[in-house]
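The values are calculated or read from the model by the stated rules, or taken from the named source; none is laboratory data. This one's a predicted model, so the numbers in the text were calculated from it and none came from an experiment. Here the Cβ is made from the backbone with ideal geometry for all residues, glycine too, and neighbour counts use every protein chain on show. To get the accessible areas, we keep the full protein, side chains included, count just its heavy atoms, and leave off ligands, DNA and RNA. Shrake-Rupley method; radii C 1.70, N 1.55, O 1.52, S 1.80 Å.
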Amino acid sequence: MTVKDSGVNSPMDTKTQTETSFSSNRGAFAVPEHRHEAATIREALSVLNDSNSTGGGVQLRNVCKTFGGKAKALDGFNLDIKPGEMVVLLGRSGCGKTTALRALAGLEDIDSGQILVGGHDVTSVPVNKRDMAMVFQAYSLFPHMTALQNVEFGLEIRGISKKERRSKAGEMLELVGLSDQSNKYTSQMSGGQQQRVALARSLAISPRVLLLDEPLSALDAKVRVSLREEIRRIQLETGTTTLFVTHDQEEALAVADRIGVMNDGRIEQIDAPRNLYQRPKTEFVATFIGLTNRLPGILQANAGEALVLGQRVPLVPGSVSGSDGDSVTVLARPETLGVSLMQEVESVGQLQGKRDDSSAGALATVVAIHFLGAIVRVEARMQGNESGRRRPDDVGQDQTITIQVPSGDLPRGLARGSIVSIVPKAIPALAVA
Ligand SMILES: Nc1ncnc2c1ncn2[C@@H]1O[C@H](COP(=O)(O)OP(=O)(O)OP(=O)(O)O)[C@@H](O)[C@H]1O
């Protein structure tokens, strides 16, 4: 990773990266010898600014960034974050999330485009003048300083008086729930506690924008969940405009006001978590967020519907256009499919003989049941139509379909090997070609 030199707050430039120091009013502080840790601490501190304004939205306009003349990390990237909003960038590894965040911070120069904060063009403003603070995946704290000293440090490099910074640092540690740990060395703290300290240090300077780069990735599952809730609570309490980068869907859905799903250097869709899940505009977004079943459908173009397993399913905006009768694929969420047990038969073939082919639903055999606490996920294998009279929207033989129901709604007696009828509910879904 290249580390952009950042100016006044990072006198490390002249030192080697394995042994270096920060100078401040207090004197010099040794930085850990580990090369990556040193670079991360330097970046975290360099983003802490030496100007004083708060609030403001963010705009990245048509930003392009290429590394070494190769594929574009950002390719016409556009993002608009409202003041006080928490936007999460979500996407696969390498799609450009971190580059977007670092470009906003000023840690990466951009090839073209414009970056505005609070309506002011900061494209050429150095990193330490952008009024931002950043928390990284790595803890980026001084291990030989206490929690209080680490939080104070960000204020000290901005020339805040000792009395004032001690009071502010104490306040921030209280905000992140660490008042009773303030005199502990950060090297003696858990990962979750260290990230709280890093968050307190970032917020102590009242940044215009808070940047969170996979801040929870190094933590174990339980701590991740509790800390993400804490981050959201604190962000709402302080009203700090925040950009959060993660590849963890659940994390994104849990904390964001809006999620921007990234693909190949740009945002494919940005929306409130619920809209993104229920009304995805593209196949990429529909399949990236949550689970989907690919079901054959027959387009009812004028009605804005598709016939799926004999049932009319409304289509969301962004669905493929075409003519009545066109074959499409409908991306149905597991919870939009109803499942009922066909108790009176022993085989699908036996039932198919009795069934009217015009009735809605398809027959399937349950192959797995996953109990997930509040919900149950059922995997069922379609059997095809053995009577030979296939409906045009019959699901392919042997296709496995995933259905999800609240635990309390699971049909009594449903077990592996049960024969079930699957019927789509009239819940909007995306249709693709
Ligand atoms: N300093 C760099 N030098 C060369 N290429 C880079 C550099 N930083 C990023 N890239 C490339 O730019 C693209 C976007 O990288 P970026 O780190 O922004 O992706 P990401 O979505 O954050 O991925 P991850 O989730 O794995 O962190 C990738 O192809 C990556 O290899």
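Farthest toward the positive end of the dipole of the stretch 282-335, out of 323, 311, 301, is the Cα of 311, where the dipole comes from beta carbon charges about the Cα centre. Taking all Cα-Cα distances within the stretch 21-278, those exceeding 30 Å account for 23%. Based on the convex hull around the alpha carbon atoms, the stretch 183-266 presents an average projected area of 6.4 nm². About its Cα centre, the dipole of the stretch 21-278 is roughly 400 debye, where the only charges are +1 on Lys and Arg Cβ and -1 on Asp and Glu Cβ.
For the cross-link pairs 82/163; 82/129; 65/97; 70/97; 281/425, which exceed 22 Å when the distance is taken from alpha carbon to alpha carbon? From the list (82/163; 82/129; 65/97; 70/97; 281/425), the Cα-Cα distance tops 22 Å for 82/163. Exposure check, 1.4 Å probe, all protein chains in place: residue 189 carries approximately 10 Å² of accessible surface. Taken along its three principal axes, the alpha carbon spread of the stretch 95-179 comes to 43, 28, 21 Å, from the longest extent down to the shortest. Among 78-90, 163-175, the peptide with the highest mean count of other Cβ atoms within 10 Å heads the list, and the full ranking is 78-90, 163-175. A convex hull fitted to the Cα coordinates of the stretch 234-281 yields 81 cubic angstrom per residue.
Think of the stretch 133-239 as having a plus end and a minus end, set by charges on the Cβ of Lys, Arg, Asp and Glu; of 139, 231, 154, 154 sits farthest toward the positive end of this dipole. Largest accessible area first, the residues 131, 109 order themselves as 109, 131 under a 1.4 Å probe with ligands, DNA and RNA left out.
Roughly speaking, what is the centre-to-centre gap between the stretch 163-198 and the stretch 239-295 when only Cα atoms are used, to the nearest Å? Centre-to-centre distance over Cα atoms comes out at 32 Å.
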